Every structure is written in C-alpha cells, then in structure tokens.
Amino acid sequence: MTFKVASIKEIALVLGMGVAATASSANTIVDIAAGDERFSTLVAAVTAAGLADTLAGPGPFTVFAPVNDAFEALPEGTVETLLEPENKGQLTNVLLYHVDDRNLPAAGIPSGSNYFKPVLAEERLCITKSADGVKIADGTGEMANVIIADIQADNGVIHVIDKVLLPGTRPACH
C-alpha cells in the first residue's frame, strides 16, 4: 500500500516551494523531506494535515520521520483512511506524535530509557538509547528504530525511523 505522489516537483509546488533551491534559501525539515523520495508518503500526509507551513517555520523541531516502507507496513487502507478530509484531526495527531519542539540531536538523547513528550502533549514516547542504537516505543508498545540520525535542517533535526509512531497507551519505559 503506497500513497503515490507524481513527483518531487509536484510535492514542492504543493508546499509552495521552488524546485531549484539556492544557497541563500532555507533548508528546512520540509525542504529536506520533499527532496527525498523515501519520505513521499510522509510529505503527502503532512500536506494533507496542513502542517507543511508549521514544519517549515523557525522551529526548533525534532522530527522522527518514517520512511515510505513504514507507512506500507500499516494495516491495509490505514494511510488512505487517514488522508481522507474527514480524518484530518486524527492524521494531525499521528503526525504531531512524531514531532518534538526542541532541536534534539542524537548526542542530546540521554543513555537508557526516558520519556519524551512530543508536541501531542497528552501522549508520551519512550526513547531508549544504548550501544545498539536508538529505539522508540509508541502508544502501541511496539518499537521503531532510528535508522539514520541527525539530518540537520535550518529549523531542527530529522531522525529517520522504520515505523510509524502511533498514539495510544503510555509505553512502559524502564
């Protein structure tokens, strides 16, 4: 199940960005995601939720960005249902569960297991940093792995993850 957007050029136009970036233009989280085909489903979701301008803003933000394969691993029809206009609130909640309102590079994540409060304030994530890397437990209790850390943007940092984080029950963090 892949939500397809015709091209990166079309994504950039939808987000109101020029296709050719210049050295003087901002390199925001949205710019980086829109320029990387691995995030086409995420960019489509952010656009549908109306969050592109926010994530292109000054920040700072840390975004735990799921790759397209993470969206494909969701139960069949989930992405299409979330992208329907009547589900915009639910889509927004899922997306904001991936955003921290700080610039949190990997070096700033403490060792061990710690609760982090994403922008979706009533929910928590449990982020565990060890010699094996960084894992994130979401409201389902399942774990996402940070597969690429510290993609720097002018307004924060992106950590690429292999699972869509879903709100729910507070994960055990021990």
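For this structure, a couple of remarks:
- Among the conditions (1) surrounded by 14 or more Cβ atoms within 10 Å (Cβ to Cβ); (2) out of contact with any Cys (no Cβ under 9 Å at 6 or more places or on another chain), GLY112 misses just one, which is (1).
- Checking each residue in region 100-124 for being within 12 Å of HIS159 (Cβ to Cβ) and in contact with a Ser or Thr (Cβ under 7 Å, 6 or more places away or on another chain) picks out ASP100, ASN103, LEU104.
- Counting only strands (runs of 3 or more DSSP E) wholly contained in region 80-174, the ones carrying 2 or more residues that are polar (S, T, N, Q) occupy 112-116, 125-130, 143-153.
- Options ASP101, ASP154, ASP138: the member that is charged (D, E, K, R), surrounded by 14 or more Cβ atoms within 10 Å (Cβ to Cβ) and in contact with a Leu (Cβ under 6 Å, 6 or more places away or on another chain): ASP138
- Residue check, ASP69 in contact with a Ser or Thr (Cβ under 7 Å, 6 or more places away or on another chain), surrounded by fewer than 19 Cβ atoms within 10 Å (Cβ to Cβ), touching a residue at least 12 places away in the same chain (Cβ under 8 Å) and under 20 Å from ALA34 (Cα atoms): no
Coordinate-derived values only; no laboratory data. Since we're looking at a predicted model, the values are computed, not measured. Glycine also receives a Cβ, built like all others from the backbone with ideal geometry; neighbour counts cover every protein chain displayed.
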